[in-house]
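Each remark here refers to the structure printed beneath this line.
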Amino acid sequence: MIVAEQKPLEEIKELLGDAEKVLVLGCGTCVTVCFAGGAREAAIMASSLRMASKIDGVQRIINDMTVQRQCEWEYLDQVADEIRDADVVLSLGCGVGVQAIVERFPEAWVVPGLNTTFMGMPVEQGVWVERCAGCGDCILGLTGGICPIARCSKQLLNGPCGGSQDGKCEVDPSIDCAWQLIYDRLKSKGKLDLMLKIQPPKNWQKARHGGPRRIVREDIRLHLEEE
Amino acid sequence: MADNEYTVGSKLERILKAGHFAVTGELGPPQSADGDVIRKKAQLLKGACDAVNITDNQTAIVRMSSIASAAILVQEGLEPIMQMTCRDRNRLAIQSDLLGAYALGIRNLLALTGDHQTFGNHPTAKNVFDMDSVQLIQMVTAMRDEKMFQCGDPIKGQEPRFFVGGAAAPFADPIDFRPYRLAKKVEAGVQFIQTQLIYDIEGFKKYMEKVRELGLHEKVYILAGVGPLKSPGMARYMRDNVPGLRVPDYIVDRMTAAGKPWAGKKKDEMTKEERKARSQAWRAEGIKICIELIQQLREIEGVAGVHIMAIEWEEAVRPIAEGAGLLPRPEV
């Protein structure tokens, strides 16, 4: 899932400026599961902002709604009137959600209420960790299913570096050394030979470094059916 | 290493191929644009070692570039080992810097991944890590031997030719994999290795045993890293806080004992002279320990030299080399 966390209220107030009608728009998918921007958080955000407006002496109408997925236009269309009616839409979706609203409703002014952080998962109640960097060229088959691009601080392909101690990364003791994990797993599976092979420089073109990415599937595009 | 042909013919390569026990030093460029700092430090190291590492924004702190500092060293008549990390440059910048470094007369290169920027003075910077040290070694070697850029394009005209080194951390985890990681660097084309600081001789002997078992000592020159301790506090810090370092308790104890005449006195209770005397006593012991370590390392089969890291204490290199019986350096 996409994992995000809420921006501080002060920053959000700043982003709202002098808007009189604010729509807090939650998203029912990833950010609901990570407790950052679902229906519950949207309602709490709206009441926090109402309280803040009262304290600050600002006249403001704040409504909240939540759609199933902000990143798909068909769901956004269900709240088209509310979006158009608001001076500012405070999106509690991820960065994709914010931009989907902007693209669908160019007349609306949309600001983010979340900091979208990573693709990851919960490992315990209240703790989420990064697991995928979306590099576009998956190497998990070579590393025993543990990603050094997402999980090694230096994204090494021929790790570990000299900063690995007691299973931890020297950058932060809360970070497990990805290469220690890879080593342990490959060893337990009798596949250490995978680690002995030199991995060549990565093709970063498939990651963000080749510019914004796009996937086109001609086999399922609608225009083919039309022809 | 059986062939007598030089790949580059740098002094370091000649010393090692002649079978001399090599001595390298280290020089940290200044956090300023003052080239005289390099020139002054160069004088401290001249004649005390065969070649001098020039660090590349070490510990991720901005300093004069290793390429410029190494070029100044060449002007001063010393041989630099230019360090090159993957933290701050992508493959384009690395290759272009290598072309320039060769043109400036630099002949030895130490290929490193580089410290993470979190440790330095620009922790909010974006890092690069387009490549890692193993890939860098492979690339530099191919530029020299195959006259080829990383992309596969031929280098038309003079190719950059470097005697290529790498680092090894014998005590970092997973410790069982360390000799194999060295093997990867050897396979990539590394010609000499400088290790992380060694204080634990017994532990290092075990590492070298495995290195010899893999036959690596016959394929790469291994220079053991040593460094003089300045104080018991530094010894304790290194023992307790630096990943990949092992400082046995007896060394910490010796450093503590060296300051015994001032034991129990707090720093602010001491006169300036007393503090200075204590510091000198500590440093003298640090140098003594360093010399003893070199003598022990020299006895280990497969150790081809020492790399003396006297960080911001370049004055210590000469007495250490002298005390270890490594001066004068051989002419080759």
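Before moving on, here are some points about what is shown:
- Taking first residues from the range B:251-265 that are within 15 Å of B:A277 (Cβ to Cβ) and partners that are crowded, with 17+ Cβ neighbours inside 10 Å and among the aromatic types (F, W, Y), the Cβ contacts under 6 Å between residues at least 6 apart in sequence or on separate chains come to B:A258/B:W282; B:G259/B:W282.
- Of everything in the range A:131-177 that is facing another protein chain (nearest Cβ under 8 Å), open to solvent by 20 Å² or more (accessible area, probe 1.4 Å) and of a type in the set (S, T, N, Q), the residue that is farthest from the chain's Cα centre (by Cα) is A:Q165.
- Being more than 22 Å from B:P319 (Cα to Cα) and among the aliphatic types (A, V, I, L, M) is a property that does not hold for B:I289.
So that you can scan it fast, the table gives a plain yes or no per residue for (1) at pLDDT 95 or above; (2) closer than 30 Å to A:L15 by Cβ; (3) not assigned by TED's automatic domain parsing to the domain that holds A:K7:
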position	(1), (2), (3)
A:V127	yes, yes, yes
A:G141	yes, no, yes
A:C147	yes, no, yes
A:Q155	yes, no, yes
A:C161	yes, no, yes
A:P173	no, no, yes
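- Boolean, B:L98 is farther than 22 Å from B:K41 by Cβ and open to solvent by less than 30 Å² (accessible area, probe 1.4 Å): yes
For every residue, the table says whether it meets (1) among the β-branched types (V, I, T); (2) more than 12 Å from chain A (Cβ to nearest Cβ); (3) over 26 Å from A:P200 (Cβ atoms).
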{"position": "B:M148", "(1), (2), (3)": "no, yes, no"}
{"position": "B:G165", "(1), (2), (3)": "no, yes, no"}
{"position": "B:A183", "(1), (2), (3)": "no, no, no"}
{"position": "B:F204", "(1), (2), (3)": "no, yes, yes"}
{"position": "B:M208", "(1), (2), (3)": "no, yes, yes"}
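- B:K40 vs. criteria buried (at least 17 other Cβ atoms within 10 Å of the Cβ), charged (D, E, K, R) and without any contact (Cβ under 8 Å) to a residue 60 or more places away in the chain: no
- A:G37 fulfils the conditions (1) touching a helix residue (DSSP H, G or I) at 6+ places or on another chain (Cβ under 7 Å); (2) in a helix (DSSP H, G or I) except for a single criterion, (2).
- Condition met for B:V37 (among the hydrophobic types (A, V, I, L, M, F, W, C) and either part of a loop (DSSP other than H, G, I, E, B) or touching a His at 6+ places or on another chain (Cβ under 8 Å) (or both)): no
- Here B:D132 meets the list (1) open to solvent by 10 Å² or more (accessible area, probe 1.4 Å); (2) within 7 Å of chain A (Cβ to nearest Cβ); (3) within 19 Å of the chain's Cα centre (by Cα); (4) not aliphatic (A, V, I, L, M) almost entirely, failing just condition (1).
- Filtered residues of the range A:193-209 (kept if open to solvent by 50 Å² or more (accessible area, probe 1.4 Å) and more than 7 Å from every other protein chain (Cβ to nearest Cβ)): A:D193, A:L194, A:K197, A:N203, A:Q205, A:K206, A:R208, A:H209
Residue-wise test of (1) within 13 Å of chain A (Cβ to nearest Cβ); (2) open to solvent by 30 Å² or more (accessible area, probe 1.4 Å); (3) part of a loop (DSSP other than H, G, I, E, B); (4) among the aromatic types (F, W, Y).
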{"residue": "B:A48", "(1), (2), (3), (4)": "no, no, yes, no"}
{"residue": "B:N53", "(1), (2), (3), (4)": "no, no, no, no"}
{"residue": "B:L73", "(1), (2), (3), (4)": "no, no, no, no"}
{"residue": "B:V128", "(1), (2), (3), (4)": "yes, yes, yes, no"}
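- Residue within the range B:299-308 that is of a type in the set (G, A, S), open to solvent by less than 30 Å² (accessible area, probe 1.4 Å), over 23 Å from B:V211 (Cα atoms) and touching a residue at least 60 places away in the same chain (Cβ under 8 Å) present: no
- In the range B:75-114, the residues that are assigned to a loop (DSSP other than H, G, I, E, B), within 14 Å of another protein chain (Cβ to nearest Cβ) and more than 14 Å from B:I137 (Cβ to Cβ): B:R87, B:D88, B:R89, B:N90
- Top-ranked residue in the range A:178-192 [being open to solvent by less than 70 Å² (accessible area, probe 1.4 Å) and of a type outside the set (S, T, N, Q); ranked as farthest from the other protein chains (Cβ to nearest Cβ)]: A:G190
- Filtering the range A:176-212 to residues that are in contact with a strand residue (DSSP E or B) (Cβ under 6 Å, 6 or more places away or on another chain) and either part of a loop (DSSP other than H, G, I, E, B) or of a type in the set (D, E, K, R) (or both) leaves only A:C177.
- Residues that are away from chain A (no Cβ under 14 Å), within 21 Å of B:A321 (Cβ to Cβ) and of a type in the set (G, A, S), drawn from the range B:223-254: B:A224, B:G227
- Residue within the range A:10-21 that is crowded, with 17+ Cβ neighbours inside 10 Å and assigned to a loop (DSSP other than H, G, I, E, B) present: yes
The values are calculated or read from the model by the stated rules, or taken from the named source; none is laboratory data. Quick caveat, the model's predicted, so the values are computed rather than measured. Methodologically, a virtual Cβ is constructed for each residue, glycine included, from the backbone with ideal geometry; neighbour enumeration extends over all protein chains shown. All accessible areas refer to the heavy atoms of the entire protein, side chains included, with ligands and DNA or RNA removed. Shrake-Rupley method; radii C 1.70, N 1.55, O 1.52, S 1.80 Å.
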